[in-house]
Amino acid sequence: MNEFHPSKVFKFCPYCGAANFLWNSVNAFACQSCKQKFYINMAAAVVAVIYNDNNELLLTRRKHNPFAGFLDLPGGFVNLHETAENAVIREVKEELNINISEYRFVATFPNEYVFGGIQYFTEDIVFLCKIDDFSNISANDDISSYEFRPLDKVYIDEIGLNSIKNVIKHLKEQNK
Ligand SMILES: [Zn+2]
């Protein structure tokens, strides 16, 4: 476990403030004083795989850390009380101003990264999405630009997040 793992960062019980707040080595802290458990769960996130009519993949460039300037796929976190399906429709609209007309589930990819000095864990839920009309596409929100590329011209080293690298590898594998 690295220095950013929650077990290294969280020192006090959030319920009672006691310092004997112990990591169970799997997924939770147990407070030895008030006996409460505090779970560290994966956050749900969505990823959109979108191709244009020339069978080129839609890539975005990250505006913010982690991995500012690296290539990414459209997507983001699922909000509280939101379905993953709504989240992918919302994120693609927010980031690119385009509307998903159809989608289907592809696979999930676990991810972890450090943000603000703490390690976060996500489960990236990937959807293959159909866009009928790209005419209003623009880069907004937390992306600085977008581009279309054939899959064989997408290089893993240009991708920031590990889970997205794995999504691209998965797509390349399927494409063989
Ligand atoms: Zn406690």
> Under a straight-distance cross-link criterion of Cα-Cα below 16 Å, which aspartates and glutamates are reachable from residue 169, leaving out those fewer than 8 residues away in the same chain?
Replying inline: 56, 72, 124, 152, 157, 158
>> Restricted to Cα positions, what overall size does the stretch 38-101 have along the principal axes? Three whole-Å values, descending.
In response: 48, 28, 17
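If contacts are Cα pairs under 8 angstrom and at least 6 residues apart, what is the relative contact order of the chain in percent? Numbers along the way, then the final one.
Values: 333 pairs, mean separation 40.8, N = 176.
Normalised by residue count, the contact order of the chain is 23 percent.
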> What pairs from 8/37; 8/165; 11/165 go past 23 Å between their alpha carbons?
Replying inline: 8/165; 11/165
> Mind checking the angle between helix 162-175 and the chain's longest principal axis? C-alpha axes, 0 to 90 degrees, to the nearest 10.
Replying inline: 40 degrees
> Using the Kirkwood formula over every pair of different C-alpha atoms, what hydrodynamic radius in Å results for the chain?
Replying inline: 17.7 Å
> Which FRET efficiency, nearest 0.05, do residue 157 and residue 30 yield, Cβ-Cβ r, R0 41 Å?
Replying inline: 0.50
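Report the extension gain between residue 148 and residue 68 in nm, rounded to one decimal, defined as 0.36 nm multiplied by the number of residues separating them, less their alpha carbon distance. If you can, show how the numbers build up before the last one.
Details: separation 80, 0.36 × 80 = 28.80 nm, distance 1.89 nm.
So the extension gain works out to 26.9 nm.
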>> Taking the 0 to 90 degree range and rounding to the nearest ten, how far is the long axis of helix 84-96 tilted relative to the main principal axis of the chain, both from C-alpha atoms?
In response: 60 degrees
>> Report the Cα centroid-to-centroid distance between the stretch 1-31 and the stretch 51-127 in angstrom, as an integer.
In response: 29 Å
> Quick one: length gained pulling residue 99 to residue 112 fully straight, 0.36 nm per residue minus the C-alpha distance?
Replying inline: 1.8 nm
> Looking only at GluC sites (Glu not before Pro) in DSSP loops with at most 13 other Cβ atoms within 10 Å, what is the longest site-free stretch of the chain?
Replying inline: 83-176
>> Cut-off is 10 Å between beta-carbons; in what order do 137, 89 appear when sorted fewest neighbours first?
In response: 137, 89
>> For a quick check: with amide H placed at 1.01 Å from N, whose amide H comes under 5 Å from residue 40's, ignoring anything fewer than 5 positions away on the same chain?
In response: 28, 29
> Cross-link list 93/130; 153/176; 63/176: which exceed 21 angstrom alpha carbon to alpha carbon?
Replying inline: 63/176
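We did not get these values from a lab; they are worked out from the coordinates using the rules stated. Please read all numbers here as calculations on a predicted model, not as lab measurements. For neighbour counting, all protein chains shown are included, and Cβ atoms are generated from backbone atoms with ideal geometry for every residue, glycine included.
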